[in-house]
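Below: the structure, in structure tokens.
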Amino acid sequence: MLKLAEKYSGKPVSELPMLFHRILQNTVKDHFRRQKVRNRWTSLFSSLIPSGTEDDFDPLEMLESDETTSPKGPSESLQESQLIEIIEKELQKLPARQREAFLLRYWEELDVSETAVVMGCSEGSVKTHCSRATHTLGKALRARGIES
């Protein structure tokens, strides 16, 4: 009701029931999407907790830092560089806006709002461009026999 009052107070009264139902549907969908993501991460982190440990266990402490990992062997380095080359070639095939959104979000590690400011578009457009880019890249990599 608050969203309806804040955003659509100037609309004709005949349109308000339709707008209210749409706002309600979108709010419920957003809630369940967030809950699904939250549950996924919770279950992933809970699987890291060894049985019989105390409540203050932090699963992030188990993850190795970059400083403690062993150096890569020549074959691993070669595979990694070949994979990066393939990804770069596939990135060049993407439309310019999708490529820009993908690189800003995932390689430059900007969040959605920062990416939207840089690209001069809405946050929804950034999400759409990133989603389309990741789906296209995933499809192209699977076609080359590369799985995540």
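Computed quantities for the displayed model
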{"read-out": "Per residue accessible area in Å² of segment 94-148, where ligands, DNA and RNA are left out and the probe is 1.4 Å", "value": "64"}
{"read-out": "Computed FRET value (nearest 0.05) for S131 with S14, which takes r as the C-beta separation and R₀ as 35 Å", "value": "0.50"}
{"read-out": "Sequence of E100, E123, E90, E6 from largest to smallest accessible area, 1.4 Å probe", "value": "E6, E123, E100, E90"}
{"read-out": "Accessible surface, 1.4 Å probe, highest first, among residues H129, H31", "value": "H31, H129"}
{"read-out": "Additional length obtainable on full extension of the chain from I87 to M119, 0.36 nm per residue less Cα span", "value": "9.3 nm"}
{"read-out": "Mean Cβ neighbour count within 10 Å, used as a protection proxy, ranking 107-115, 75-83 highest first", "value": "107-115, 75-83"}
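The values are calculated or read from the model by the stated rules, or taken from the named source; none is laboratory data. Quick caveat, the model's predicted, so the values are computed rather than measured. Note that we place each Cβ from the backbone using ideal geometry, even for glycine, and neighbour counts take in every protein chain shown. These area figures cover heavy atoms from the full protein model, side chains too; ligands, DNA and RNA do not enter into them. Shrake-Rupley method; radii C 1.70, N 1.55, O 1.52, S 1.80 Å.
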